[in-house]
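The values are calculated or read from the model by the stated rules, or taken from the named source; none is laboratory data. What you see is a predicted model; the values in this text were computed from it and never measured. Cβ atoms come from the backbone with ideal geometry, glycine included; neighbour counts cover every protein chain shown. Ligands, DNA and RNA are excluded from the accessible area calculation, which covers all protein heavy atoms including side chains. Shrake-Rupley method; radii C 1.70, N 1.55, O 1.52, S 1.80 Å.
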Amino acid sequence: MDRKRFDVHRLIIGTFLILATLTAIGQEDEGAKANALYKAGKRLDALPLYENLAKANPKELIYHERLADCLTVKELQTTDPAEIKALRIRERDEAKRAVELGDTLVYIQAMANLDPDGNRVLASSSPASTLLQEAEKAFTTGDFSKAMSKYTQAAEADPTLYEPPLFAGDTAYQLKDLKTAAVWFARAIAVNPNRETAYRYWGDAIIRLSNDPMAAREKFINAIVAEPYSKYSWQGITQWAQVTKAVILAPKIDRPSPPIEDPKKPNNITINIDPNATDDKKHPGASAWMMYSIIRASYHGDLFKKSFPNEKDYRHSLMEEDSALSIVATTVADKKIKQEKLDESLRNLVELNKAGMLDCWILISGADNGIGQDYDAYRKDHRQLLHDYLDRFVVHGGISSAQ
């Protein structure tokens, strides 16, 4: 199933946030009718209205955004390859226009980069796949009762699929049945707890149907734990923070520049150390950063090969970064420097190390592509710790806080 289908109508929180804007626009009858149809899930009926509205109001991003979304629904109802490509081009162009006008929704930004020649769905003739496609057609025309029936049948036909229970939960949400939605979202999570979508959809449903922001907060945090490197994972908690007046901010740790390996002579490693940044008189404890650079440089030699015998090429790893940062934190802590005399980076580093969450910071807030390769293995044994890191150090405040 095309990833963009996962958000074909997931503008839930975004819609919540822009209701005041829509009211202020003072739309005429056509706009009011289009918006009513859109909110009711009748995207195909709203499509021609949004086409007119986007043409008449070329600077109103909401019309271009919703036109793109409605075109997606029409595409899902279409089987002719040429027509599908033409619709995808229109979807992309309307989404681009919305982004140009300031649209910040991750879903719309992704659609703005849509490949018109890309595959829409995974080809399959299994009973579950057929039921899923029938459910999609019903859903995109607003027939949620029929869609619910088909999604649940698809889930029973193949219990290993993630999409049927996910979309069944989403359809129950459309029917304003949070209890049933929760059952299906939980089932999707049981199929694959390492995909973020069900957590995020569940959080959206909680906010809209139960007005329990702290319960939604938990789901949004779990979405990040599942897939921290996906923009979609952060979308829920970011929008939640806007609604609840919370702050999403990871601890700041400024690290020295990494060692530089000579491409012609791999054994020649250059370490760049800023004398001012490591001056203990100016920055108490800062000389410990020299050890950070030395430890990292050592991994460019035999240490990486010994630590990762099955990997041919060097990469920045969690092991390397943990070793380098841990020795800095331990050195500074041993000096017993008063916390108020430490700069922000060292203060945060010492606190995270003391809390046993330094690896969590590295993987979620300080990772590069190399370190990211170690995330799945770490999450397997440390899911709760990753959750607690986000809860304690990244998500601040809101309607209520456990901090």
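Label-to-label distance, residue 273 versus residue 392, with points set 7 angstrom from Cα along the beta-carbon direction: 3.2 nm. Computing FRET efficiency as 1/(1 + (r/R0)^6) for residue 327 and residue 264, where r is the C-beta to C-beta distance and R0 is 30 Å, gives about 0.50.
Note down the relative contact order for the stretch 188-342 as a percent, whole number, built from C-alpha pairs under 8 angstrom at least six residues apart. Over the stretch 188-342, the number comes to 14 percent. Measuring with a 1.4 angstrom probe and ignoring ligands and nucleic acids, residue 327 comes out at about 60 Å² accessible. The angle between the Cα long axis of helix 127-140 and the longest principal axis of the Cα atoms of the chain comes to about 70 degrees, rounded to the nearest 10. Among the trypsin sites (Lys or Arg not before Pro) in the stretch 133-221, those placed in a DSSP loop whose Cβ has at most 16 other Cβ atoms within 10 Å are 176. Which entry is the computed Rg and Dmax of the Cα atoms in Å for this structure: [x] 24.9, 72; [y] 22.8, 83; [z] 21.4, 64? So the structure-derived entry is [x]. For the stretch 311-403, the relative contact order works out to 33 percent when only alpha carbon pairs closer than 8 Å and six or more residues apart are counted.
Legend: calculated FRET efficiency, residue 89 to residue 336, from the Cβ-Cβ distance at R0 = 60 Å, rounded to 0.05, equals 0.40. Longest stretch of the chain clear of exposed loop sites (GluC sites (Glu not before Pro), DSSP loop, at most 12 other Cβ atoms within 10 Å, sites excluded): 29-310. Label zone of residue 243 (point 7 Å out along Cα→Cβ, amide N under 17 Å): in the stretch 193-220 this covers 197-220. For the set 33/231; 96/231; 252/354, the pairs lying more than 21 angstrom apart at their alpha carbons are 33/231.
As I understand it, the dipole of the chain uses +1 on the Cβ of Lys and Arg and -1 on the Cβ of Asp and Glu, about the Cα centre. Which of 95, 73, 375 lies farthest toward its positive end? So the residue we want is 375.
Overall, the accessible surface of the chain at a probe of 1.4 angstrom is composed of carbon and sulfur to the extent of 52 percent.
Short to long, the 10 Å bins of the Cα pair-distance histogram for the stretch 108-262 hold 11, 31, 34, 15, 6, 3, 0 percent of all pairs.
In the stretch 216-275, the ratio of gyration radius to Kirkwood radius, Rg to Rh, stands at 1.28 when only Cα atoms are counted. The Stokes-Einstein estimate for the stretch 311-403, based on a Kirkwood radius over Cα pairs and taken at 20 °C with 1.002 mPa s viscosity, is a diffusion coefficient of 148 µm²/s. The angle between the Cα long axis of helix 289-298 and the main principal axis of the chain comes to about 80°, on a 0 to 90 degree scale. Take every Cα pair under 8 Å in the chain that's 6+ residues apart, average their separations, divide by the length, and report that relative contact order as a whole percent. The normalised contact order for the chain reaches 11 percent. Once the 1.4 Å probe is applied to the protein heavy atoms, the chain comes out at 48 Å² accessible per residue.
Computed from Cα atoms, the angle from the helix 12-25 axis to the main principal axis of the chain rounds to 60 degrees. Qualifying trypsin sites (Lys or Arg not before Pro) in the stretch 284-393, where qualification requires a DSSP coil assignment and no more than 11 other C-beta atoms within 10 Å, comprise 312, 336, 338. Label point of residue 113 set 7 angstrom out along Cα-Cβ; within the stretch 37-77, amide nitrogens under 20 Å from it belong to 65, 68-69, 72.
As a calculated quantity, the FRET efficiency between residue 30 and residue 194 at R0 = 45 Å, using C-beta atoms, amounts to about 0.50. Placing a pseudo-label 7 Å from each Cα along the Cα-to-Cβ vector at residue 294 and residue 158 gives an inter-label distance of 5.7 nm.
Ordering 169, 248, 224 by Cα displacement along the dipole of the chain toward the positive end leaves 248 in first place; charges were set at the Cβ atoms of Lys, Arg (+1) and Asp, Glu (-1).
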